[in-house]
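The values are calculated or read from the model by the stated rules, or taken from the named source; none is laboratory data. Keep in mind that what you see is a predicted model, and the values were worked out from it rather than measured. Note: ideal-geometry Cβ built from the backbone for every residue, glycine included; neighbour counts use all protein chains shown.
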Amino acid sequence: MSTSLIDLEHISKSFDGEIVLDDLNLSIKENSFVTLLGPSGCGKTTTLRIIGGFAQADTGRVIFDGKDISNLPPNKRNLNTVFQKYALFPHMNIAENIAFGLKIKNKSKAYIDDKIKYALKLVNLSGYENRNINLLSGGQQQRIAIARAIVNEPKVLLLDEPLGALDLKLRQDMQYELIRLKNELGITFVYVTHDQEEALTMSDTIVVMNQGYIQQMGTPEQIYNEPENAFVADFIGESNIIGGTMVQDKLVDIFGAKFACVDVGFGTNKPVDVVIRPEDIDLVEPEKGTLVGRVTHLIFKGVHYEMEVTTPNGYEWLVHSTDMFPVGKEVGISVDPFDIQIMNKPESEDEEAVGVNE
Amino acid sequence: MIYSKIRKVLGDFYLVFILIFLYAPIATLMILSFNASKSRNRWGGFTFDWYGELFKSATIMSAFRNTLVIAFLSALIATIIGTVAALGINNMRKVPKTVVMAVNNIPMLNADIVTGISLMLGFIAFGISLGFKTILISHITFNIPYVILSVMPKLKQTERVTYEAALDLGATPVTAFFKVVFPDIFPGVISGFLLAFTMSLDDFIITHFTKGAGINTISTLVYSEVRRGIKPSLYALSTIIFATVLILLIVSNIAQNKIKKK
Amino acid sequence: MNKDLRKVLAFPYILWMIGFTIIPLSLIFIYGLTDRSGSFTAANVLSIFAKDHFKALVLSIILSIVSTAICLVMAFPLALTLKSKKLNKGSLIVFIFILPMWMNFLLRTLAWLSLLEKNGIINTILNFLHLPSLNIINTPAAIILGMVYNYLPFMVLPIYNVLEKIDDNTINAARDLGANTMQTLTKVIIPLSIPGIVSGITMVFVPALTTFVISNILGGSKVLLIGNVIEQEFTKGSNWNLGSGLSLVMMIFILISMAFIAKYDKDGEGMSV
């Protein structure tokens, strides 16, 4: 379980003098569901293309199953890709599309027919063999693209924003479908998306990328609850990122008020970034709050209310709560110590470059 | 990957080979236009004489004038008729539309010699004497399809939604057309015009059959002189036309790139 | 303007096409199927089987098939190379291939005479390099060269147009599924370029089959093609009925080509300019 299947070592890549990946190191474990997550232009698709063999790294090596495959063309790599917008062959029907890779490998007709049946059943499209692919819906085309890839029994399936073109409902259904497929096939999935919800739902490891660097790598819970820097905190979910001062271990000063927290080791009277998720803020009676503010904005979001609470210094706190406080009402702000996440302020310019400017 | 590099180098070599193949005759003509010797394959020293003689030759100048006037007028008229027609065709039902587009393809797919002969027979049957106007009519005829094929795709892409949006915002249909639809299809109209102009300029066969006696374009003048030996002034004229177009295209490309960068 | 009114916009064009395309074409049928006195005869059409005419037709067919094949073989790798260059929207491609048209068609062809002649430029270079000289002027080979030179753009542009529309990922997908370069070409790229290839074949074959200019200039008066026969009937021989009859035979081939386009290029992908 814990051996690494793919290792990217010191990968750098630039297009027209623009650096897309800068000394990237990434290790992907066998049988894991790894998601590369980040805004457009962060280098996630390029990373996937380098693994797939469609792009060449300028420097660095790609190790697959213990062998250096950096110079191997895509057709010699034991992995398959599900492309953005599916890239099905328009001149072939469904069965021919799925059979493509097997026919290249000169498999017997019986074997191929068997595989087609098996793959179509796996993606819930049994009986669709002879349909024209141009008459399928986006979701169905998506399933065929997956079927076409998995019949080749790859060790790794690369998925490049496969759900990007689908509508919301279908996207959610397909997320569960992909998790099921992953478990049934027992192979490694490397998934690229800019949608943080998709990443949190499906992956066991998330790699957050920005501007060619890996910002943080970890389980969905780690990424969400313990963002390592302001970029990750801002990109994953919504959050209040506030400049504060670490008074001493387990005590942080925000806008002059002292909040208890659980972080230690930041020194004393040190400026830090404080991350508080909107749902972790408790709105209470003014006298019970650590800080006092006034509700300035209120929207009903279905599951919860979204409120803006403005404190006297002018900062607007984003708050999610199932309790409703009307606009104009004075409220107290209270946060449980373990819901406060402290981060070092970026020191060098280099770190600043990967900060919150997206 | 080493293979893809080899392929890239081979591709570049091939591209250069094709460019030489395409442009060698053109370079030859340009060189010949500066050749003091009248011979096509002996270099007699460098001269500008043919360029001087070109402007003195009444035959060449009138053929040149005819070529330009016919190319310009036929392209212009074809662009107007074709653009207006494209608007109409776009609103037709499927069956008449298919029929019209099939007829539209006839002059493009048909052999020039057949088009030329048929037009000649037509003019004679209608009692129109062959001359400047029959050349013009013929050129308009083979130019219209090019305009329609340039305008139709643009029209399909844009018209419905933007046109209806303009109506929704209170524009009259005519204003809506000129303010919204026309600017959208304008690139197609322009490329149709340029294509038509080029086709007309380069045509020989259809002009050959429909021109009658006493009038020449550059093409027909060259053809009549092939056996007797071409006056190098014609090389000079072609060189001037080619160089002018090349410079215009380069300038407009640079201008476009600058606009894009802004 | 409502929809019915807007259809009226096409009327001038429709009238023009009837007057200057459909009626003139029907005149060829009338002339071709009658004799000088105006009574029906099939003799004009059947005269294609006369020895000289048939020989010219067969030679025309052979030369145009050969030059179409050469154009295809030259154009496909060229279009692939151009696609791999990822030039912005092909404006430069059109530029490269349309530009020669501004140098007069006849002069361009004539320039090959200077290049190919016995004491022409190519032979001067070959002699200088002590290589055997190339004596193809006034032979069918020279005519094929002229055809390939003049009609190559008609093959390149439609093929390039369809190749441009193939998504890079479709090609990547074939590679991903194990196809090597050759298999990707034969199983994916070529099948997807059929509409462009068919358009290109037609756009080269028809003018090559019917030319009389290229054969006239590069073949001397030694090689007679069906185009030359017809042209002479109209300009020198003045037997319009015979010329029209032979044109009808030629039109059979053109119609076959059109049918091919209609079958394989339904969306007119290759035809777009």
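Overview of values
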| item | result |
| --- | --- |
| Cβ pairs under 6 Å, 6+ apart, first in segment B:35-49 and modelled with pLDDT of 80 or more, second aliphatic (A, V, I, L, M) | B:G44/B:A36; B:G45/B:A36; B:T47/B:A36 |
| Among the residues listed as A:S32, A:S4, the single one being crowded, with 17+ Cβ neighbours inside 10 Å, away from chain C (no Cβ under 14 Å) and in contact with an Asp or Glu (Cβ under 8 Å, 6 or more places away or on another chain) | A:S32 |
| In segment A:41-94, the residues that are within 13 Å of chain C (Cβ to nearest Cβ), assigned to a loop (DSSP other than H, G, I, E, B) and of a type in the set (A, V, I, L, M, F, W, C) | A:F54, A:A55, A:L72, A:A87, A:L88, A:F89, A:M92 |
| Those residues of segment B:239-262 which are at pLDDT 90 or above and among the small types (G, A, S), in sequence order | B:A243 |
| Among the candidates A:G186, A:G218, A:G243, A:G256, residue that is assigned by the TED database to the domain that holds A:R143, closer than 25 Å to A:D336 by Cβ and of a type outside the set (D, E) | A:G218 |
| Scope segment C:218-244; condition within 10 Å of chain B (Cβ to nearest Cβ) and hydroxyl-bearing (S, T, Y); matching residues | C:S221, C:T235, C:S244 |
| Neighbours by Cβ (under 7 Å, 6+ apart or cross-chain): first from segment A:249-262, surrounded by fewer than 17 Cβ atoms within 10 Å (Cβ to Cβ) and part of a strand (DSSP E or B); second modelled with pLDDT of 90 or more and among the charged types (D, E, K, R) | A:L251/A:K258; A:A260/A:K250 |
| Pair list, Cβ < 7 Å and 6+ apart or interchain, from segment B:185-199 residues that are without any contact (Cβ under 8 Å) to a residue 60 or more places away in the chain to residues that are outside any helix (DSSP H, G or I) | B:L195/C:V273 |
| Test: residue in segment B:91-99 that is part of a loop (DSSP other than H, G, I, E, B), farther than 23 Å from B:L76 by Cα, away from every other protein chain (no Cβ under 11 Å) and not hydrophobic (A, V, I, L, M, F, W, C) | no |
| Helices (runs of 4 or more DSSP H) contained in segment C:56-153 and holding at least 2 residues under 29 Å from B:Y146 (Cα atoms) | C:91-98, C:105-116 |
| Leading residue by the ranking (surrounded by the most Cβ atoms within 10 Å (Cβ to Cβ)) among those in segment B:225-253 that are over 19 Å from the mean Cα position of the chain (by Cα) and at the interface with chain C (Cβ under 10 Å from one of its Cβ atoms) | B:Y235 |
| Selection from segment B:27-41 of residues that are assigned to a loop (DSSP other than H, G, I, E, B), within 19 Å of C:K118 (Cα to Cα) and not charged (D, E, K, R) | B:S37, B:S39, B:N41 |
| Selection count, segment C:36-53, where residues are hydrophobic (A, V, I, L, M, F, W, C) and part of a loop (DSSP other than H, G, I, E, B) | 2 |
| Selection count where residues are farther than 14 Å from B:G116 by Cα, more than 8 Å from chain C (Cβ to nearest Cβ) and modelled with pLDDT of 90 or more, scope segment B:200-219 | 3 |
| Qualifying residue in segment B:73-86 (condition: farther than 22 Å from B:V147 by Cβ, modelled with pLDDT of 90 or more and touching a helix residue (DSSP H, G or I) at 6+ places or on another chain (Cβ under 6 Å)) | no |
| In segment B:7-26, the residues that are surrounded by fewer than 15 Cβ atoms within 10 Å (Cβ to Cβ) and either touching a residue at least 60 places away in the same chain (Cβ under 8 Å) or facing another protein chain (nearest Cβ under 9 Å) (or both) | B:K8, B:L10, B:D12, B:L19, B:F21 |
| Unique match (being of a type in the set (G, A, S) and within 13 Å of another protein chain (Cβ to nearest Cβ)) among C:S39, C:S47, C:S26, C:S67 | C:S26 |
| Subset tally (residues that are touching a residue at least 40 places away in the same chain (Cβ under 8 Å), surrounded by fewer than 22 Cβ atoms within 10 Å (Cβ to Cβ) and not hydrophobic (A, V, I, L, M, F, W, C)) for segment C:220-238 | 3 |
| From the options C:N123, C:N135, C:N169, residue that is touching a strand residue (DSSP E or B) at 6+ places or on another chain (Cβ under 9 Å) and without any contact (Cβ under 8 Å) to a residue 24 or more places away in the chain | C:N169 |
| Failed item in (1) outside any helix (DSSP H, G or I); (2) within 11 Å of chain C (Cβ to nearest Cβ), with B:G116 passing the rest | (1) |
| Failed item in (1) more than 9 Å from chain B (Cβ to nearest Cβ); (2) of a type outside the set (S, T, N, Q); (3) within 21 Å of the chain's Cα centre (by Cα), with C:K187 passing the rest | (3) |
| Candidate set from segment A:95-133 (those that are of a type in the set (S, T, Y) and assigned to a helix (DSSP H, G or I)); member that is nearest to the other protein chains (Cβ to nearest Cβ) | A:Y111 |
| Among the residues listed as C:S247, C:S215, C:S193, the single one being within 7 Å of chain B (Cβ to nearest Cβ) and either touching a residue at least 24 places away in the same chain (Cβ under 8 Å) or outside any helix (DSSP H, G or I) (or both) | C:S247 |
| Flag if A:V319 is over 27 Å from the mean Cα position of the chain (by Cα) and over 22 Å from A:D249 (Cβ atoms) | no |
